[in-house]
1. Can you find even one residue in the range A:329-337 that is within 14 Å of chain B (Cβ to nearest Cβ), modelled with pLDDT of 95 or more and closer than 30 Å to B:Tyr88 by Cβ?
2. Looking at the structure I just gave you, is A:Ile356 under 30 Å from A:Ala328 (Cβ atoms), in contact (Cβ under 8 Å) with a residue 60 or more places away in the chain and more than 14 Å from chain B (Cβ to nearest Cβ)?
3. Counting only residues that are under 15 Å from the mean Cα position of the chain (by Cα) and under 13 Å from A:His286 (Cβ atoms), how many does the range A:215-229 have?
4. Based on this model, can you work out whether A:Glu63 counts as outside any loop (DSSP other than H, G, I, E, B), open to solvent by 50 Å² or more (accessible area, probe 1.4 Å) and not polar (S, T, N, Q)?
5. Could you check A:Glu401 against (1) farther than 29 Å from B:Gln87 by Cα; (2) open to solvent by less than 60 Å² (accessible area, probe 1.4 Å); (3) among the charged types (D, E, K, R) and say which number it fails?
6. Residues of the range A:385-416 being in a helix (DSSP H, G or I), of a type outside the set (A, V, I, L, M, F, W, C), under 26 Å from the mean Cα position of the chain (by Cα) and within 12 Å of chain B (Cβ to nearest Cβ), which ones?
7. Give the range A:176-230 a look and list any residue that's free of Cβ contacts under 8 Å to residues at least 60 places away in the same chain and in a strand (DSSP E or B), or say none.
8. Quick one: in the range A:359-379, which of the residues that are within 14 Å of chain B (Cβ to nearest Cβ) and farther than 30 Å from A:Trp51 by Cβ is most open to solvent (accessible area, probe 1.4 Å)?
Amino acid sequence: MAAPQVRQDVTEGRLSALAFPQAAGWTLPARQGALARVRAMGLPGRRDEYWRFTDPATLTAAEPQAARLFEPGESAPFSTMDRVQLVFVDGVFDAGASDDPALAGVEISRLAEAQDQDIHWARDIYGVLEAHGQTPVERPLAALNTAFATDGVLIRVTGQASKPVNLVYLHCSETSDAILHHVIRLEQGADLTLLENGPAAARFNKVMEVDVADGAAFHHVRTQGRDHDRRAVTHVFARLGESSTFKSFTMTANGILTRNECIIELTGDNAVAHVAGAAVGDGTFHHDDTVFVTHDAENCESRQVFKKVLRNGATGVFQGKILVQPGAQKTDGYQISQSLLLDEDSQFLAKPELEIYADDVACSHGSTSGAIDEEALFYLRSRGVPKGEATNLLVLSFLAEAIEEIEREEIREEILDRLAAWLERHRS
Amino acid sequence: MLNIKNLHVKLEEEDKPILKGVDLTVEAGKVHAIMGPNGSGKSTLSYVLSGRDGYEVTDGSAHLRGADLLGMDPEERAAAGLFLAFQYPVEIPGVGNMTFLRTAVNAQRKARGEEEMDAATFLKEVRARARDLQIDAEMLKRPVNMGFSGGEKKRNEILQMAMLEPRMCILDETDSGLDVDAMKLVADGVNALRSPDRGFLVITHYQRLLDHIVPDVVHIMADGRIVKTGGADLALEVEQNGYADILAEVA
């Protein structure tokens, strides 16, 4: 069925501002398929059920809204760690600023350069996990990404990566509009930590497809911030094999519009998927976590832990689903989404969902929205801790469950320090 | 040490007077006890002195070592040397007990213009004092009061008191929910802190705590006022005859 006229207009308007990469080598069929999907679905509008809480207009517009550049005045995240940095400036790869991508057990190539070589493993994933993730809920902006991505990285991990790979996204142009698409394959028993940081562009559309083979482990930590004007829509599509592990944590500080979608399918028995986020925002901050976890195999575990701290009229959104397919017995599913509202102007909009077709499962979900606990605040103050410091201590304790999802202590400490610094700057 | 004069307090939300002219002076080195029936205003007095929201002082004053307590924020009162051991210590998930203690100790030192306590000294001090109160290392690691039994919570209050070294300690129904052994432990902790330059105000409903923390002065509070003052034997009189006789006598 054709999309309604308004939607078609928006879609064609956006498509007309983009150049379809005809010389895209082996990715061409996937891109053509994705373009057809975009046209069939149409880009999202505010009336779509899935976009009820987040207005996608600035994400689907032909041109991006300008975003002022921001100088954070602090060191870049993860900069004290030994890692392989791959730097993109407004979505364009910067070889000079990047490290030599040679890393034992890891093959790294750029999408823009790899299209002319026939990389079989990536061909089986590029646009494939995204296309699969379009049901039961459509994600047209991800299909748009597959069709038009200008670059990205292809990472194949065959063993234990000796150090993390760090994708760094710098933002240097006030009107940049970046579309990046990464493909990651962890072969059987492989292990990789992927770090991402940086505002990326005035408008950023990113897709990451992650295929985790049997017994492999993927650890993902990203920070988004602190530029306030940036807009971003990101999708992570993950497919998990037997006894594999997928763990993803995102810290978001500031951002006028961020929509992070994470679509995970547990296809092998005994797989584990954790996805977590800690977001702090002020004023026109709008942050949306949209998660869809499908249990397709037995004895798998999934956890969704999302915490948001909102002040001065900020908005937080959470749409999370656990779908347990018939036969996915012994599923252990957990979902929690909470917001801490530091004033009465801020709002949290949540839609937690469970859909279960197996009879021997344990799934729980909870969603709350609350203010600082006055009893706890008084207790701390009565011991001499000043109000501002006591409030921040309680905010960090609220975020703790999400932060604890980060396994590596040095990263956990760094994230904690950055959140504490944000709170210190925004002390009420 | 602590001088309370003609203190009148009502609930902020409703026009209900609770304290109706309390006069009380606690001298340095002394332990005063306040006893009284439920609803007499004992706990309200402790909350008002420590600066809890929800109360309005309509008349009178309270000074700690000459400083006007009622004009200060709760954290300023703490830095000035006031400590309240809560009747119901608050559980704070996600904040480690050690982090909490260290933050509190150093916040007070900072407020008084003193050097912060370094990590090693702090750890040594906490361990020594925790050992005296039979608080094990595991309890120190847990979030504040989370999963603590009633007795553990009260011991944790005394540990905080020991670490913060306040000048004026108020104990609000510290004996509630304690068995005899736990009460003895808590009382030993308090007695160890008795010193010539520290005052205590022990609020309790029953006399039994005062067997272990022997007071210098006992006050009976009723209907928002101190109606009788005496020595330690006054507590025994309450224990034997109840409050009714005393209240009838002063009415």
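1. Yes, because at least one residue in the range A:329-337 is within 14 Å of chain B (Cβ to nearest Cβ), modelled with pLDDT of 95 or more and closer than 30 Å to B:Tyr88 by Cβ.
2. Working: under 30 Å from A:Ala328 (Cβ atoms): yes; in contact (Cβ under 8 Å) with a residue 60 or more places away in the chain: no; more than 14 Å from chain B (Cβ to nearest Cβ): yes.
Against the criterion (under 30 Å from A:Ala328 (Cβ atoms), in contact (Cβ under 8 Å) with a residue 60 or more places away in the chain and more than 14 Å from chain B (Cβ to nearest Cβ)), A:Ile356 does not qualify.
3. Filtering the range A:215-229 for residues under 15 Å from the mean Cα position of the chain (by Cα) gives A:218-225.
Right, trim to under 13 Å from A:His286 (Cβ atoms) and you get A:224.
Of the residues in that region, 1 qualify.
4. no
5. (1)
6. A:Asn392, A:Ser397, A:Glu401
7. Across the range A:176-230, the qualifying residues are A:Ile184, A:Leu186, A:Asp191, A:Leu194, A:Glu196, A:Met208, A:Val212, A:Ala217, A:Phe218, A:His220, A:Arg222, A:Gln224.
8. Of everything passing the filter in the range A:359-379, A:Glu374 is most open to solvent (accessible area, probe 1.4 Å).
The values are calculated or read from the model by the stated rules, or taken from the named source; none is laboratory data. What you see is a predicted model; the values in this text were computed from it and never measured. In this analysis, Cβ positions are derived from the backbone assuming ideal geometry, glycine residues included, and neighbour counts consider all displayed protein chains. Surface accessibility is based on the protein's heavy atoms, side chains included, excluding ligands, DNA and RNA. Shrake-Rupley method; radii C 1.70, N 1.55, O 1.52, S 1.80 Å.
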